[in-house]
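**Student:** Please find one structure pasted underneath; my questions will follow.
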């Protein structure tokens, strides 16, 4: 019996928020598994802000998804057929399988995951790329010292919520910036942030003055735009700004908004540094051990918001992300065949 | 006999380019020299882009010059009266004496200069704050390696012309960005830059592609604005952007133009770092020794463009700087009493 795959392909490059017509949802037979390959049934798809950047043409940290390609996505699934000695039927695996129900892989960049350590969705959250991004971005790029003030934007998102907790675990004072009182309460009451600022309530700059009275030593930025500017205006001497993302800019249809007050980097003798998690691939192991320890001890909480649906629900899930509907890691759990 | 001082005071905070009415030029008697003080006849005034930033209210790396204050300026002069045992009549000194012909000082932040080492104006150029800024900004913040590509904006200016030469001395490929074919020829033919780009000729991005085919490893920025954006678009992996100044923005009357493509820092895994030369004060000595060695050997050339005039000519000298009239360090040599 031939399996039928459901595949989400990029139909056109969006201007602003992706529209329905920017996607093609196709049904197609699953191809044969060649020698050295294996077949994965994708059960969980990672839904990430950076996906929007992959849809644009032009130089970035990964090549763009081409028109007609399966949309790129990280996912977790199970091996259901294998002609590769490294992967056996029944193995749970993580890989960049794309937005589709079935993926054929040659094993490159695929890792086996241990669902005894944590449920499969956590391997897209705290134990996956989100957790690793938070870990290396905060500790290696941000280099916070105990007692310093760390401010995280997009703090209720997948990376931000973990970055803030790692800062807390490392003895920092942690302030989160998020949208809405519910998320802010969650950050303080559930995740142990010292304070949270609702940027929708207005006057972010004054709020940062209140909650970072001695200035910001590390700003972990997922948002960009006016949020970045507000943080730059409050940097402590020698501060590190970690450029992780810029969700406020990904759907911009006019010229991007660069930080008008970037000269505050001079005033504060501060640095602003970008990083790409793939550069730390040879150290993922050490990070996962520490993240798993923190999860086990309860010091770190991984929160996944799981939407159930089909491959055809991916476009809407991506829009939910840009509306800020999610708290923690947004995951699309694929059901049906 | 009482000496008469000529003093340039800030009359109002300019909007855009400073106007004549933003200044007061006053004649006033030189006050008495108290115990512990000495009197300096200021012979050379340093005319610097950063001066424009000191005229604005608000947080910066130095307090703003207040309305009615003598305009802040570095200068070189001679001690002509002294009640301070550290400074004798006849000493040549550097200090922040302000835009005036005579200054009374208690010796704080005043250094004796050796005019046998180099003529007095050079102590405002390569052996002064300009040279020190280039030295520490390039070597400590930019950290160029031999064989790497260093691009300097404002390359024909006081700091840029020295930063580029230090990069050359350190075995880097050096590309300067300057305004006009004359300055570009000077950079290549006189200062030994590998290439120079005339930004006024248009299409800076394409020119950078030609002259930095493998990307920019260190960008030493004195200009900001679209120049900074063009450089960000060509960063090599792991590049360092040194934020030294932003002359294109200092007279902006609308919102400042932040680098819209700052996310290239992420793509290139690059950093952008600001610095203030005063932080290196305890290492000025070591730098001056090296700069003087390079000057002596002919590897480094200090070029000062000296305008002769009175204190009342300072406002026009500052405007000349923003027109880009100068090549190298702009200095106002004060004549008359």
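The values are calculated or read from the model by the stated rules, or taken from the named source; none is laboratory data. Just so you know, these numbers come straight off a predicted model, no measurement behind them. For neighbour counting, all protein chains shown are included, and Cβ atoms are generated from backbone atoms with ideal geometry for every residue, glycine included.
**Student:** Residue A:15 fails exactly one of the following numbered conditions: (1) out of contact with any strand residue (DSSP E or B) (no Cβ under 9 Å at 6 or more places or on another chain); (2) within 18 Å of residue A:315 (Cβ to Cβ); (3) at pLDDT 95 or above. What is the number of that condition?
**Tutor:** (3)
**Student:** Sticking with this structure for a sec: Is the stretch B:39-50 home to any residue that is surrounded by fewer than 17 Cβ atoms within 10 Å (Cβ to Cβ) and outside any strand (DSSP E or B)?
**Tutor:** As a first pass, look at the stretch B:39-50 and keep what is surrounded by fewer than 17 Cβ atoms within 10 Å (Cβ to Cβ): none.
Within the stretch B:39-50, none of the residues are surrounded by fewer than 17 Cβ atoms within 10 Å (Cβ to Cβ) and outside any strand (DSSP E or B).
**Student:** Now a separate question. Provide a single number: the residues in the stretch A:14-35 that are farther than 22 Å from residue A:323 by Cα and touching a helix residue (DSSP H, G or I) at 6+ places or on another chain (Cβ under 9 Å).
**Tutor:** So the answer is 1.
**Student:** Something else: Within the stretch B:235-246, count every residue that is buried (at least 23 other Cβ atoms within 10 Å of the Cβ) and more than 7 Å from chain A (Cβ to nearest Cβ).
**Tutor:** Let us first name the residues in the stretch B:235-246 that are buried (at least 23 other Cβ atoms within 10 Å of the Cβ), namely B:235, B:239-246.
Next, only the ones that are more than 7 Å from chain A (Cβ to nearest Cβ) stay: B:235, B:239-242, B:244-245.
Qualifying residue count, the stretch B:235-246: 7.
**Student:** Give the residue, chosen from B:225, B:309, B:285, that is in contact with a helix residue (DSSP H, G or I) (Cβ under 9 Å, 6 or more places away or on another chain), more than 30 Å from residue A:277 (Cβ to Cβ) and not assigned by the TED database to the domain that holds residue B:176.
**Tutor:** Numbers: B:225 fails: not assigned by the TED database to the domain that holds residue B:176; B:285 fails: in contact with a helix residue (DSSP H, G or I) (Cβ under 9 Å, 6 or more places away or on another chain).
Of the residues listed, the single one that is in contact with a helix residue (DSSP H, G or I) (Cβ under 9 Å, 6 or more places away or on another chain), more than 30 Å from residue A:277 (Cβ to Cβ) and not assigned by the TED database to the domain that holds residue B:176 is B:309.
**Student:** Could you list, in sequence order, the residues of the stretch B:249-283 that are at the interface with chain A (Cβ under 7 Å from one of its Cβ atoms), part of a loop (DSSP other than H, G, I, E, B) and either touching a residue at least 60 places away in the same chain (Cβ under 8 Å) or surrounded by fewer than 15 Cβ atoms within 10 Å (Cβ to Cβ) (or both)?
**Tutor:** B:255, B:275, B:276
**Student:** Further question on the same structure: For the stretch A:306-314, state whether one or more residues are surrounded by fewer than 19 Cβ atoms within 10 Å (Cβ to Cβ), closer than 30 Å to residue B:249 by Cβ and modelled with pLDDT of 95 or more.
**Tutor:** So far as the stretch A:306-314 goes, no, none of its residues is surrounded by fewer than 19 Cβ atoms within 10 Å (Cβ to Cβ), closer than 30 Å to residue B:249 by Cβ and modelled with pLDDT of 95 or more.
**Student:** Out of contact with any strand residue (DSSP E or B) (no Cβ under 8 Å at 6 or more places or on another chain) and either under 21 Å from residue B:163 (Cα atoms) or not in a loop (DSSP other than H, G, I, E, B) (or both): is that true of residue B:242 in this structure? Walk me through how you get there before you give the answer.
**Tutor:** Working: out of contact with any strand residue (DSSP E or B) (no Cβ under 8 Å at 6 or more places or on another chain): no; either under 21 Å from residue B:163 (Cα atoms) or not in a loop (DSSP other than H, G, I, E, B) (or both): yes.
When the stated conditions are applied, residue B:242 does not pass them.
**Student:** Return yes or no: is residue B:219 within 22 Å of residue B:146 (Cβ to Cβ) and away from chain A (no Cβ under 14 Å)?
**Tutor:** no
**Student:** Now for a different question. Of the residues that sit in the stretch A:208-233 and are in contact with a strand residue (DSSP E or B) (Cβ under 9 Å, 6 or more places away or on another chain) and in a loop (DSSP other than H, G, I, E, B), which one is surrounded by the most Cβ atoms within 10 Å (Cβ to Cβ)?
**Tutor:** Of all residues in the stretch A:208-233, those in contact with a strand residue (DSSP E or B) (Cβ under 9 Å, 6 or more places away or on another chain) come to A:208, A:210-224, A:227-228, A:230-232.
Restricting the remaining residues to those that are in a loop (DSSP other than H, G, I, E, B) gives A:212-215, A:222-224.
Values: A:212: 23, A:213: 9, A:214: 10, A:215: 18, A:222: 28, A:223: 26, A:224: 25.
Result: A:222.
**Student:** Do any strands (runs of 3 or more DSSP E) entirely within the stretch A:73-191 hold 3 or more residues that are touching a helix residue (DSSP H, G or I) at 6+ places or on another chain (Cβ under 8 Å), and if so, which? Reasoning before the result, please.
**Tutor:** Details: elements: A:75-82, A:92-95, A:102-105, A:149-153, A:173-178.
Of the strands (runs of 3 or more DSSP E) lying wholly inside the stretch A:73-191, those with at least 3 residues that are touching a helix residue (DSSP H, G or I) at 6+ places or on another chain (Cβ under 8 Å) span A:149-153, A:173-178.
**Student:** Have a look at A:316, A:255 and point out the one that is more than 17 Å from residue A:124 (Cα to Cα) and not assigned by the TED database to the domain that holds residue A:221. Spell out the reasoning first.
**Tutor:** Working: A:255 fails: not assigned by the TED database to the domain that holds residue A:221.
Going through A:316, A:255 in turn, just one is more than 17 Å from residue A:124 (Cα to Cα) and not assigned by the TED database to the domain that holds residue A:221: A:316.
**Student:** Okay, moving on. Of everything in the stretch B:287-337, what is outside any helix (DSSP H, G or I) and farther than 24 Å from residue B:103 by Cα? Give them in sequence order. Even if it seems obvious, please write down each step before you answer.
**Tutor:** Initially, the stretch B:287-337 is screened for residues outside any helix (DSSP H, G or I), giving B:298-310, B:324-337.
Correct list: B:298, B:299, B:300, B:301, B:302, B:303, B:324, B:325, B:326, B:327, B:328.
**Student:** Quick one: is residue B:135 over 30 Å from residue B:21 (Cβ atoms), more than 14 Å from chain A (Cβ to nearest Cβ), buried (at least 16 other Cβ atoms within 10 Å of the Cβ) and in contact with a strand residue (DSSP E or B) (Cβ under 6 Å, 6 or more places away or on another chain)? Explain how you work it out, then say what you get.
**Tutor:** Details: over 30 Å from residue B:21 (Cβ atoms): yes; more than 14 Å from chain A (Cβ to nearest Cβ): yes; buried (at least 16 other Cβ atoms within 10 Å of the Cβ): yes; in contact with a strand residue (DSSP E or B) (Cβ under 6 Å, 6 or more places away or on another chain): no.
So residue B:135 does not fit the description; no.
**Student:** In the stretch A:1-13, which residues are touching a helix residue (DSSP H, G or I) at 6+ places or on another chain (Cβ under 9 Å) and either closer than 22 Å to residue A:75 by Cα or not assigned by the TED database to the domain that holds residue A:69 (or both)? Break it down stepwise before answering.
**Tutor:** Taking the stretch A:1-13 as the starting set, the residues that turn out to be touching a helix residue (DSSP H, G or I) at 6+ places or on another chain (Cβ under 9 Å) are A:5-8, A:10-13.
Residues satisfying the conditions are A:5, A:6, A:7, A:8, A:10, A:11.
**Student:** Let me ask you something else. Residue pairs, Cβ under 6 Å, 6 or more apart or interchain, first in the stretch B:57-70 and assigned by the TED database to the domain that holds residue B:25 and farther than 24 Å from residue A:262 by Cα, second at pLDDT 90 or above and in a loop (DSSP other than H, G, I, E, B). List them.
**Tutor:** Close Cβ pairs (under 6 Å, with a partner that is at pLDDT 90 or above and in a loop (DSSP other than H, G, I, E, B)) amount to B:70/B:98.
**Student:** When the residues of the stretch B:1-11 are filtered to those that are in a loop (DSSP other than H, G, I, E, B) and touching a strand residue (DSSP E or B) at 6+ places or on another chain (Cβ under 9 Å), which remaining residue is nearest to residue B:248 (Cα to Cα)?
**Tutor:** Quick first cut of the stretch B:1-11, residues in a loop (DSSP other than H, G, I, E, B) only: B:1-3, B:11.
From what's left, touching a strand residue (DSSP E or B) at 6+ places or on another chain (Cβ under 9 Å): B:2-3, B:11.
Details: B:2: 43, B:3: 40, B:11: 24 Å.
Restricting to residues being in a loop (DSSP other than H, G, I, E, B) and touching a strand residue (DSSP E or B) at 6+ places or on another chain (Cβ under 9 Å), the top hit is B:11.
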